[in-house]
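Visitor: So that we are looking at the same thing, I have put the structure below in structure tokens.
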Amino acid sequence: MEVTRDIVIDLMPLYESGEASRDTRAVVEEFLRRDPSLAGLATPDVAAVTSPALTELERRTIEKTRATIRQRSWILALAILCMLLPFSFAFLDGQIRFFMLRDVPESALLFVGAAAFWWMYGRLTRSLRHGGL
């Protein structure tokens, strides 16, 4: 199959972004050497400089997103724990002891903590949805 000018023009975005394979880059560069009018449209130097930077930016973005999701999972677990802990019970001295508000009024602080964790969870979820990392 003969490589035509239209094929090379179709491959230019891949070539310029640095995403083309080694063989594709070789074909495009060979064609650009033979066709100087098309060579003026290509900017391979820009691709060589920006491609690694984009890769690094993508890697950092993925790592930050993973860390945010991991943090959100821990916050969700803590929110659920703080919500359910006041409703737990224990067997003490042969009796069932409930840790509810009527038995342990200090457990109300767990609800305050749970509210804070739910708020943090909501903020992290919103930032993940809207890309505001």
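Visitor: What are the semi-axes of the equivalent ellipsoid of the range 64-133, taken as the square roots of 5 times the eigenvalues of the Cα gyration tensor, listed largest first and rounded to whole Å?
Guide: 33, 12, 6
Visitor: Ok, one more. Roughly speaking, what is the stretch gain from residue 57 to residue 7, that is 0.36 nm per residue apart minus the C-alpha to C-alpha distance, in nm to one decimal?
Guide: Using 0.36 nm per residue and subtracting the Cα-Cα distance, I get 15.0 nm.
Visitor: Dipole of the range 64-133, Cα-centred, from +1 at each Lys and Arg C-beta and -1 at each Asp and Glu C-beta, to the nearest 20 debye?
Guide: Charge dipole of the range 64-133: 680 debye, to the nearest 20.
Visitor: Further, regarding this structure: What ranking, highest mean first, results for peptides 77-87, 2-12 when packing means the other Cβ atoms within 10 Å averaged over each residue?
Guide: Put in order of decreasing packing, that is 77-87, 2-12.
Visitor: A further question on this structure: Along the charge dipole of the range 64-133, which of 124, 88, 107 sits closest to the positive end, that is, farthest toward it, with unit charges on the beta carbon of Lys, Arg, Asp and Glu (+1, +1, -1, -1)?
Guide: 124
Taken together, the values in this text are just the output of simple stated rules run on the coordinates, not laboratory data. The structure displayed is predicted, hence computed values, not measured ones. All Cβ positions, even for glycine, are placed from backbone atoms using ideal geometry, and neighbour counts span all protein chains on display.
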